[in-house]
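Engineer: Can you read through this structure? Questions will come right after.
The values are calculated or read from the model by the stated rules, or taken from the named source; none is laboratory data. The structure displayed is predicted, hence computed values, not measured ones. Cβ placement follows ideal geometry from the backbone for every residue including glycine, while neighbour counts extend to all protein chains displayed.
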């Protein structure tokens with residue numbers, strides 16, 4: 001027996017609309033869950049235990065001391081290989097085992113500019129708890145995809161505006177001085193170009209550092225390389241960044257502005273067509289391929305709205321296409337692939 005409701009036509013239409021919305025929303029939810037389940041990078045890392053606690057070299061180096069030779073001995077014992085790396089990054093400090101090292105270090109520690117940087121670090125980064133949480137999540141994903149590799153000892157330091165990260169086999173130094181914010185006055189004073197200052201934001205620290213670690217773990221083969229070789233290598237590193245930061249914005253991983261990312265997406269096929277038309281995919285001539293690989297405010301020869309390193313962007317999309325076709329390929333397997341031409345051919349990469 002069926003119950004019939006004698007409703008006005010407009011009420012029946014409203015009810016049918018309601019049920020249609022329920023069906024559509026349910027279908028969208030189902031498709032969303034299915035898509036997530038099919039994403040090889042949407043992995044469960046809750047069972048991976050990582051505890052990141054930064055050692056504060058920035059504080060220890062500039063701590064008050066009565067005997068500089070004892071202070072150096074403390075730093076050498078506490079920080080091991082990192083201290084040697086640090087002194088070699090700043091040539092004026094000499095080698096830690098050089099008897100003259102103490103003489104070189106003294107003016108560095110009292111330099112007004114260096115102290116200004118360290119004071120700014122102390123003010124902005126009194127506590128690194130939130131930064132440590134970001135790194136913990138990144139390292140969990142890293143270990144999921146690279147289970148046979150380890151997490152380095154994490155060290156915060158003042159690079160004197162030189163470089164970050166500073167890594168060796170077991171340690172990663174993160175230069176807090178390079179993430180003091182776009183408007184930190186000293187950046188302009190030392191004439192850092194604006195395109196670099198735009199990346200000196202605290203929120204980019206974890207991305208910049210993890211990308212540096214991946215490059216150190218999976219270094220580029222030596223020798224003269226073609227545009228395609230460089231593109232695919234960068235694409236593999238950036239795909240590993242996809243794995244370490246699933247669901248995070250592409251602009252953060254490659255350090256483009258939102259406008260630059262939009263340009264890259266809109267003109268991807270045009271840039272690819274340019275590479276084909278110019279016949280430079282296999283060129284090793286730096287004068288030909290450098291404009292598409294070099295850093296800068298934009299890619300030389302393209303519109304000023306373009307991002308720098310547009311070749312890296314294209315390589316990233318190519319590797320993504322490859323992994324979409326071969327989803328069972330592990331990250332370790334991907335990183336071990338060296339034949340860029342084969343990756344390009346098997347990827348079926350054809351931007352629209």
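Engineer: Just to be sure I understand, how many residues within segment 267-288 are touching a residue at least 12 places away in the same chain (Cβ under 8 Å) and in a loop (DSSP other than H, G, I, E, B)?
Structural biologist: Qualifying residue count for the region: 6.
Engineer: Of all residues in segment 40-71, count the ones that are part of a helix (DSSP H, G or I) and either closer than 27 Å to residue 210 by Cβ or in contact with a helix residue (DSSP H, G or I) (Cβ under 6 Å, 6 or more places away or on another chain) (or both).
Structural biologist: 7
Engineer: Given the options 274, 281, 337, name the one that is more than 14 Å from residue 237 (Cβ to Cβ) and in contact with a helix residue (DSSP H, G or I) (Cβ under 8 Å, 6 or more places away or on another chain).
Structural biologist: Exactly one residue qualifies, and that residue is 281.
Engineer: For segment 299-309, indicate whether the set of residues that are part of a helix (DSSP H, G or I) and modelled with pLDDT of 95 or more is non-empty.
Structural biologist: No, every residue in segment 299-309 fails to be part of a helix (DSSP H, G or I) and modelled with pLDDT of 95 or more.
Engineer: For segment 289-298: of the residues being in a helix (DSSP H, G or I) and either free of Cβ contacts under 8 Å to residues at least 60 places away in the same chain or in contact with a strand residue (DSSP E or B) (Cβ under 8 Å, 6 or more places away or on another chain) (or both), which is surrounded by the fewest Cβ atoms within 10 Å (Cβ to Cβ)?
Structural biologist: Restricting to residues being in a helix (DSSP H, G or I) and either free of Cβ contacts under 8 Å to residues at least 60 places away in the same chain or in contact with a strand residue (DSSP E or B) (Cβ under 8 Å, 6 or more places away or on another chain) (or both), the top hit is 290.
Engineer: Sticking with this structure for a sec: Which one of the conditions (1) more than 13 Å from residue 158 (Cβ to Cβ); (2) under 31 Å from the mean Cα position of the chain (by Cα); (3) modelled with pLDDT under 95 does residue 90 fail to meet, given that it meets all the rest?
Structural biologist: (1)
Engineer: Could you give every pair whose Cβ atoms fall below 6 Å, whose first residue belongs to segment 36-49 and is more than 16 Å from residue 330 (Cα to Cα), and whose second residue is assigned to a loop (DSSP other than H, G, I, E, B) and at pLDDT below 95, counting only separations of at least 6 or pairs across chains?
Structural biologist: Listed pairs, sorted by first residue: 36/42.
Engineer: What are the residues in segment 324-348 that are touching a residue at least 60 places away in the same chain (Cβ under 8 Å) and either assigned to a loop (DSSP other than H, G, I, E, B) or farther than 21 Å from residue 275 by Cβ (or both), if any?
Structural biologist: Selection gives 327, 330, 331, 332, 334, 335, 337, 338.
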